[in-house]
Amino acid sequence: MRLLRDLTNITFLELDVTSTKSIASAYRTVENQTGGKLHYLVNNSGAGFVMPLLDSDIEMGQHLFDVNVWGVVRVTQTFAPLLVRAKGTIVNNISTASCMGLPYQGMYCGSKAATRLMSETLALEMKPLGVAVVIVITGNIRTRYQGGSYFSSIAERIGVYARGEQGHPQMEANLYATKVVGDVLGGAEGTIWRGAQSTIVKFALAMIPTWLMNQLAVKGTGLDVMEI
């Protein structure tokens, strides 16, 4: 967040989305400083985990869901009164990984799929209260996010995915932010697709049969050549 420190209209608050105490503290500060209204809530925090499902640590997966799924619910529930008073907008940043299974990202895909469907439900429930919900399906963005196994023969290839070095196109974070902010401030509702390859994924899911999408998903991951 250091890039924002020189801006005069920014207030930094500590917020741990897995802690109800931390969320409540942030809520009280926002309520006091905004006169009890919040026009935009952006749920952007998230955790990643790259590992074959058979080798995935369940406790790590539970923490992943606690951040990616329940964190969004906790924060939204807490800040809802301020949003309703302002007739505001909730923006949930999700992922193209919410739309299809991706090798080595089963737990991440599951968490994002759960958040996407919950967000679609939230949009229906908040509309009568005057609150819009925007679901951002995000593609590849250039950021700093990034033994004893059946998959040991392709461990190097899995590492490529864990480090985000698979060579897919990536959108610069500033350009992505500009586009999403433009969408939200322009009154967007429902689902929007932003980030490198997000539009391709959108149309591919609508036009390409599942069996072919699955073949494309595993191509080059090592699963297509793995030996046991």
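Restricting segment 77-132 to residues that are part of a helix (DSSP H, G or I) and of a type in the set (Phe, Trp, Tyr), the residue that is surrounded by the fewest Cβ atoms within 10 Å (Cβ to Cβ) is Phe79.
How many of the residues in segment 112-141 are more than 14 Å from Leu41 (Cβ to Cβ) and in contact with an Asp or Glu (Cβ under 9 Å, 6 or more places away or on another chain)? Of the residues in segment 112-141, 2 are more than 14 Å from Leu41 (Cβ to Cβ) and in contact with an Asp or Glu (Cβ under 9 Å, 6 or more places away or on another chain).
Any residue at all in segment 37-54 that's at negative phi and in a helix (DSSP H, G or I)? Yes, segment 37-54 contains a residue that is at negative phi and in a helix (DSSP H, G or I). Quick one: would you say Ala155 is at pLDDT below 95 and more than 20 Å from the chain's Cα centre (by Cα)? In short, yes. Leu4 passes every criterion in (1) closer than 23 Å to Arg194 by Cβ; (2) touching a helix residue (DSSP H, G or I) at 6+ places or on another chain (Cβ under 8 Å) apart from (2).
Checking each residue in segment 30-51 for being surrounded by fewer than 18 Cβ atoms within 10 Å (Cβ to Cβ) and in contact with a Ser or Thr (Cβ under 8 Å, 6 or more places away or on another chain) picks out Gln33, His39, Tyr40. Scanning segment 188-203 for residues that are crowded, with 16+ Cβ neighbours inside 10 Å and closer than 19 Å to Lys112 by Cβ yields a total of 10.
The values are calculated or read from the model by the stated rules, or taken from the named source; none is laboratory data. Since the model is a prediction, treat every value here as computed from it, not as a measurement. Ideal geometry is used to build each Cβ from the backbone, glycine not excepted, and the neighbour counts take in all protein chains shown.
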